[in-house]
Structures are given as C-alpha cells and as structure tokens.
Amino acid sequence: MGSQHITQIVPTLPPAINGLGDFSLALARKLRADFGLITDFVIGNPQWQGEAELEGFTVKAILERSRVGLVAQLGNDPVLLHYEGYGYAKRGFPWWLWQGLDYWHRRSQCRWVTMFHEVYAYDHGPPWSSSFWLAPGQRYLASRLIQGSDRALTSRNQYARLLRQLRQRHTTPIYTLPVCSNVGEPQAVKLLGDRPPRLMVFGHPNSRRLVYQRDYQALAHACQVLKIKELYDIGVPIGMPVPPLPGVEITVMGVIPSVEISQLMSESMAGFISFIPPQYLGKSGVYAAYCAHGLLPILAQKGTEITDGLYPDLHYWSALTDTQISLPTAQYIADRAHRWYSSHTLSRHSQTLAYLLTR
C-alpha cells in the first residue's frame with residue numbers, strides 16, 4: 001500500500017502530558033508502520049506550544065477556535081476527530097468544531113471519522129452543579145457530530161448506546177473498542193510469582209492523590225495481603241508527600257519515558273487505580289496499561305454492574321478491607337485481564353481506524 005495522508009484533530013500533543021495526545025501519537029506511528037497512512041496533526045488549541053514536526057509528522061495548531069480557524073488547517077484528506085468536549089472548550093461545548101467540520105465535509109466530500117472518547121455529561125450532578133446546566137448543549141453538539149460523521153468509534157458500550165440514540169434517523173455506523181495502553185504492550189509477560197513484590201501507582205495526579213487520601217486503607221490492605229515491599233509512583237507530581245506504608249519502600253519517579261514505565265510494569269505484581277469507577281474501566285488508559293503488562297489490577301471499590309465485558313474478581317480485585325487474595329487467584333485475575341485486553345490492542349485500533357478512514 002502506498003503512502004496516503006490523513007488528518008488527526010486532537011486537543012493537544014506531547015510535550016503536553018495528556019493520555020489522549022499520547023494515544024493519537026501512538027496510533028499515528030502504527031498507522032504509518034502498518035498501512036502507510038501518514039498523519040498530519042491539527043491541534044484544537046491556539047495556545048499549544050510545540051514543534052511543527054513530531055516524529056516525522058507535521059503539527060499545526062489552529063490560529064483561533066472558530067469555523068474559519070479550523071477549516072484553514074484542513075485539506076483534502078480523511079479526518080479523524082478525537083472528541084472530548086472539554087479538550088476543545090472550557091465548558092465542554094466547542095460549537096466551532098462542529099461548524100468547521102460540517103463546512104469542510106460538505107465541500108471536500110472526504111471521509112470524516114469521529115472517535116468519541118467522551119460523549120456528553122449524561123451522568124451529570126444535581127441542579128446546582130454546572131454539569132447539570134451544560135449537559136443539554138453538550139448533548140446537542142454530540143448529536144450533530146455523530147450525525148455529521150461518516151463513521152464513529154468509541155470506547156464503551158454505554159457510549160455506543162448514547163450515540164445510537166443521538167444519531168436519530170441517520171445511519172452512521174458506530175464501532176466499539178476499549179482503549180489500549182499508551183505505554184507499550186510487551187510480547188510476553190512474566191508470572192506474578194516471578195516478579196518482585198512491587199506495586200505501581202500510575203496516572204493523572206488527581207487520581208493518584210485519591211489513592212493516598214481517600215483510598216489509603218485499601219492501598220495499605222492490598223500491600224499487606226500481597227506482601228508488597230516496593231511501591232513506585234509514576235506521573236506528574238501530586239503536590240503532597242506520599243504517606244508511608246508499613247514495610248513498603250516508596251519511590252516517587254515523576255514523569256518518565258513510556259519505555260521506562262513499560263519496563264517497571266513488566267517487573268511489578270500489581271497496579272492500583274482510584275478515581276475511575278469500575279463501570280468506566282473500558283476507557284481507562286491506566287487500566288489498559290496494567291492489563292497489557294499482565295499486572296493484577298486493584299480497585300478500592302467493587303462494581304455493581306457488568307460493563308464492557310469486565311467482571312469484579314475476574315478482571316480486577318477490589319481491595320476492600322474485608323477481602324483476601326491468594327497468589328493463584330491473583331494470577332488468575334491478571335491472566336483474565338490480559339486476555340480481555342488482547343482483543344483491543346494498539347494493532348486492533350490501527351486496523352479498525354485504517355478501515356474506517358479508507359474503505
């Protein structure tokens with residue numbers, strides 16, 4: 001297959017630290033390597049600071065968040081929009097994004113695929129919360145985006161159901177793939193018993209702060225039950241000291257290259273997650289990374305519903321203080337999580353999106 005260009009529209013890219021940016025760059029590498037599809041990036045933030053070329057891909061930031069500002073950066077190549085409302089507008093309502101893409105689409109007749117990393121704030125708070133008042137506008141914008149897209153991809157079955165409701169009489173095909181790891185996918189994984197008794201805390205600083213504050217007792221319980229001797233904290237600093245854990249040596253790594261993260265995960269037994277509820281694990285890049293590396297994923301809560309094929313005590317362990325786990329059971333859960341992940345690797349995302357963009 002000869003080289004063909006596509007445009008990926010993203011909220012940001014490295015050097016900014018953002019899971020969606022990391023994913024789109026990893027996807028660009030894979031599309032180029034496997035299908036000869038060359039990405040030209042368009043950043044939906046005029047304030048973005050970075051180089052005009054990243055790993056051989058051209059990068060352009062829009063000059064302003066408007067229809068004109070977006071259309072000026074789009075050519076006659078298929079477009080992949082990575083959509084999460086708050087990535088493109090402070091209140092999650094980037095109307096300019098729809099205006100620009102609709103104008104471009106009708107004139108270029110090129111393929112437009114939207115990857116909905118989020119849809120809208122359907123799970124909003126009470127009437128005194130901003131999300132309650134913003135949800136109708138976000139819902140309307142999402143409906144216009146799904147109706148305008150030629151094809152769509154999303155990470156959760158619940159999101160796919162919402163999108164089917166929002167497309168109304170339109171027939172936009174909607175595909176579902178849980179997210180993949182942004183920090184590598186080792187070809188082979190060691191058994192937990194062959195790894196050092198090490199636990200990882202990885203991800204967004206808000207999530208990691210919750211691990212040490214709200215979920216400290218669950219974390220301490222997990223370390224005790226699994227006989228953990230080392231804890232590695234990885235990511236943007238959380239702005240507070242990591243509290244001590246009995247018998248555990250804590251190492252705060254900060255931001256390190258993904259290849260180093262992958263190596264540490266390959267030599268760890270377990271990974272702890274806070275912030276994201278069990279029913280949202282399918283869209284969690286942190287959970288995906290733990291699964292890809294064969295770790296035991298640990299949550300501080302237990303799901304009450306089965307979503308995206310994930311079951312408590314089969315695909316993650318809930319470290320509630322009244323629970324215990326043996327090494328064979330931990331290995332069983334890690335194996336199941338790894339097997340679940342194998343159906344939506346980076347290669348699978350690349351294959352799916354190459355098809356959606358070009359066939």
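The values are calculated or read from the model by the stated rules, or taken from the named source; none is laboratory data. Predicted, not measured: the structure shown is a model, and the values here were computed from it. Ideal geometry is used to build each Cβ from the backbone, glycine not excepted, and the neighbour counts take in all protein chains shown. Ligands, DNA and RNA are excluded from the accessible area calculation, which covers all protein heavy atoms including side chains. Shrake-Rupley method; radii C 1.70, N 1.55, O 1.52, S 1.80 Å.
Annotations for the structure displayed:
- Residue check, residue 7 open to solvent by 40 Å² or more (accessible area, probe 1.4 Å), hydroxyl-bearing (Ser, Thr, Tyr) and either modelled with pLDDT of 95 or more or in a strand (DSSP E or B) (or both): no
- If the condition is being surrounded by 14 or more Cβ atoms within 10 Å (Cβ to Cβ) and in contact with a helix residue (DSSP H, G or I) (Cβ under 8 Å, 6 or more places away or on another chain), then the range 38-47 contributes 38, 39, 41, 42, 44, 45.
- Only one entry of 188, 218, 160 meets the criterion of being among the aliphatic types (A, V, I, L, M) and over 30 Å from residue 329 (Cα atoms), and that entry is 160.
- Pair list, Cβ < 7 Å and 6+ apart or interchain, from the range 45-66 residues that are without any contact (Cβ under 8 Å) to a residue 12 or more places away in the chain to residues that are hydrophobic (A, V, I, L, M, F, W, C) and surrounded by fewer than 11 Cβ atoms within 10 Å (Cβ to Cβ): none
- Matching residues, the range 48-72, being among the hydrophobic types (A, V, I, L, M, F, W, C), at pLDDT 95 or above, crowded, with 16+ Cβ neighbours inside 10 Å and more than 12 Å from residue 9 (Cα to Cα): 54, 57
- Of residues in the range 271-284 being touching a Phe, Trp or Tyr at 6+ places or on another chain (Cβ under 8 Å) and at pLDDT 95 or above, the one farthest from residue 231 (Cα to Cα): 273
- The test for being in contact with a Leu (Cβ under 9 Å, 6 or more places away or on another chain) and at pLDDT below 95 does not hold for residue 313.
- Filter result for the condition that a residue is closer than 19 Å to residue 119 by Cβ and either surrounded by fewer than 16 Cβ atoms within 10 Å (Cβ to Cβ) or in contact with a Lys or Arg (Cβ under 9 Å, 6 or more places away or on another chain) (or both), over 100, 92, 85, 75: 85
- Highlighted here are the strands (runs of 3 or more DSSP E) found entirely within the range 106-183 that include at least 1 residues which are open to solvent by 10 Å² or more (accessible area, probe 1.4 Å) and modelled with pLDDT of 95 or more: 151-154, 174-176.
- For residue 75, the test of being touching a residue at least 60 places away in the same chain (Cβ under 8 Å) and either over 26 Å from residue 160 (Cβ atoms) or not aromatic (Phe, Trp, Tyr) (or both) is passed.
- Residue in the range 17-37 that is in a loop (DSSP other than H, G, I, E, B), open to solvent by less than 40 Å² (accessible area, probe 1.4 Å) and at pLDDT 95 or above present: yes
- Count of the range 208-226 residues which are touching a residue at least 40 places away in the same chain (Cβ under 8 Å) and of a type in the set (S, T, N, Q): 1
- Positions within the range 244-255 being without any contact (Cβ under 8 Å) to a residue 40 or more places away in the chain and open to solvent by 30 Å² or more (accessible area, probe 1.4 Å), in sequence order: 244, 246, 247, 249, 250, 251, 252, 253
- Of all residues in the range 225-243, those satisfying the criterion of being open to solvent by less than 10 Å² (accessible area, probe 1.4 Å) and of a type in the set (A, V, I, L, M) are 228, 231, 234.
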